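Asker: Right, I'll just put the structure down here and ask away after.
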Amino acid sequence: MIRISLLVCLFAMGLQSSAQDWTGQVYQVGKIYPGYYVKNSNDTVYGYFQHGTQAGNQKKCFFYTNEMDRKPSAEFKPEDIKSYKVADKLYRSINYSGGLMAKPLRFNLVTKDGAITEYVFYSEDGNATPEPVYHKPHDPENSKPISITYFGLAFAKKLGGYLADYPELSAKVTGKEKGYGMLNLQAIIAEYNDWYAAKHKK
């Protein structure tokens with residue numbers, strides 16, 4: 001449990017320096033900001049969204065065609081669209097909603113995009129506790145979103161398996177080389193993403 005708590009705390013510290021502003025000093029809850037949404041057909045529609053709370057943004061979003069409209073033009077739930085952006089926050093609809101059992105669709109907040117995309121899911125129990133989530137959709141063996149707690153026990157073995165399609169990096173992790181331990185998780189993910197992007201560069 002100590003290892004898992006440490007992982008979560010480290011990620012939470014990283015969130016404080018990420019681009020998304022939750023202070024209310026720049027982007028305020030209830031206000032309307034520019035954004036867009038991506039339909040399930042992959043078409044992109046630009047307009048405006050109402051900035052909701054950390055947990056509220058995960059369940060639904062309110063789209064406005066014009067900034068000065070008093071009522072939204074549409075209301076979307078995670079099954080209705082692929083993603084949306086409001087102000088500085090990009091949300092994608094993925095099968096992660098916390099807990100250990102079934103994972104209904106929720107809009108999860110993107111913190112770092114890549115082949116392995118890093119998200120944060122805020123608990124919906126009233127506390128809005130941030131939970132790091134990882135998604136590797138291109139890998140059939142590891143395509144389901146997972147919480148950071150997945151790596152908490154047997155870290156080297158589990159992360160090494162998660163990165164198996166990059167054998168050199170996987171070997172460094174499973175071999176517990178210096179710089180490839182639990183405290184380096186975000187750097188390891190970044191190294192994987194750089195490798196994947198270079199490999200698939202057009």
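The values are calculated or read from the model by the stated rules, or taken from the named source; none is laboratory data. Fair warning: this is a prediction, and the values are worked out from it, not measured in the lab. Ideal geometry is used to build each Cβ from the backbone, glycine not excepted, and the neighbour counts take in all protein chains shown. Surface accessibility is based on the protein's heavy atoms, side chains included, excluding ligands, DNA and RNA. Shrake-Rupley method; radii C 1.70, N 1.55, O 1.52, S 1.80 Å.
Asker: Tally time: how many residues in segment 175-202 are buried (at least 18 other Cβ atoms within 10 Å of the Cβ) and more than 21 Å from the chain's Cα centre (by Cα)?
Answerer: Residues that pass the stated criteria total 1.
Asker: So, one more: Kindly indicate whether Val110 is under 16 Å from the mean Cα position of the chain (by Cα) and modelled with pLDDT of 95 or more.
Answerer: Details: under 16 Å from the mean Cα position of the chain (by Cα): yes; modelled with pLDDT of 95 or more: yes.
So Val110 fits the description; yes.
Asker: Next question. What are the pairs with Cβ atoms under 7 angstrom where one residue, in segment 180-202, is assigned to a loop (DSSP other than H, G, I, E, B) and the other, located anywhere, is among the basic types (Lys, Arg) and surrounded by 15 or more Cβ atoms within 10 Å (Cβ to Cβ)? Sequence gap at least six, or different chains.
Answerer: Short answer, once both residue conditions are applied: Tyr180/Lys172.
Asker: Let me ask you something else. Which fully enclosed strands (runs of 3 or more DSSP E) of segment 34-90 have 2 or more residues being open to solvent by less than 20 Å² (accessible area, probe 1.4 Å) and in contact (Cβ under 8 Å) with a residue 12 or more places away in the chain?
Answerer: 44-50, 61-64, 81-86
Asker: Out of Asn142, Asn95, which single residue is open to solvent by 50 Å² or more (accessible area, probe 1.4 Å) and either closer than 30 Å to Ala197 by Cβ or aromatic (Phe, Trp, Tyr) (or both)? Don't jump to the end; show me each part of the working.
Answerer: Working: Asn142 fails: open to solvent by 50 Å² or more (accessible area, probe 1.4 Å).
Among Asn142, Asn95, only Asn95 is open to solvent by 50 Å² or more (accessible area, probe 1.4 Å) and either closer than 30 Å to Ala197 by Cβ or aromatic (Phe, Trp, Tyr) (or both).
Asker: If you don't mind, another one. Suppose we filter Glu124, Glu131, Glu118 for residues that are part of a strand (DSSP E or B) and either free of Cβ contacts under 8 Å to residues at least 24 places away in the same chain or open to solvent by 30 Å² or more (accessible area, probe 1.4 Å) (or both); which single one remains?
Answerer: Result of the check over Glu124, Glu131, Glu118: Glu131.
Asker: Something else about it: Where residues in segment 98-115 are touching a Leu at 6+ places or on another chain (Cβ under 9 Å) and not hydrophobic (A, V, I, L, M, F, W, C), which of them is most open to solvent (accessible area, probe 1.4 Å)?
Answerer: Asp113
Asker: Additional query: Can you find even one residue in segment 160-169 that is touching a residue at least 24 places away in the same chain (Cβ under 8 Å), open to solvent by 50 Å² or more (accessible area, probe 1.4 Å) and over 17 Å from Asp113 (Cβ atoms)? Even if it seems obvious, please write down each step before you answer.
Answerer: Of all residues in segment 160-169, those touching a residue at least 24 places away in the same chain (Cβ under 8 Å) come to 162-163, 165-166, 169.
Within this subset, residues satisfying the condition of being open to solvent by 50 Å² or more (accessible area, probe 1.4 Å) are 165.
Filter once more, keeping what is over 17 Å from Asp113 (Cβ atoms): 165.
Yes; the residues of segment 160-169 include at least one that is touching a residue at least 24 places away in the same chain (Cβ under 8 Å), open to solvent by 50 Å² or more (accessible area, probe 1.4 Å) and over 17 Å from Asp113 (Cβ atoms).
Asker: Still on this structure, please answer the following. Can you name the residue in segment 148-157 that is more than 17 Å from Ala187 (Cβ to Cβ) and open to solvent by 10 Å² or more (accessible area, probe 1.4 Å) and, of all such residues, is modelled with the highest pLDDT? Don't jump to the end; show me each part of the working.
Answerer: Applying the first criterion (more than 17 Å from Ala187 (Cβ to Cβ)) to segment 148-157 yields 149-150, 152-154, 157.
Now narrow it down to the ones that are open to solvent by 10 Å² or more (accessible area, probe 1.4 Å): 149-150, 153-154, 157.
Working: Thr149: 90, Tyr150: 91, Leu153: 87, Ala154: 93, Lys157: 97.
Out of the qualifying residues, it is Lys157.
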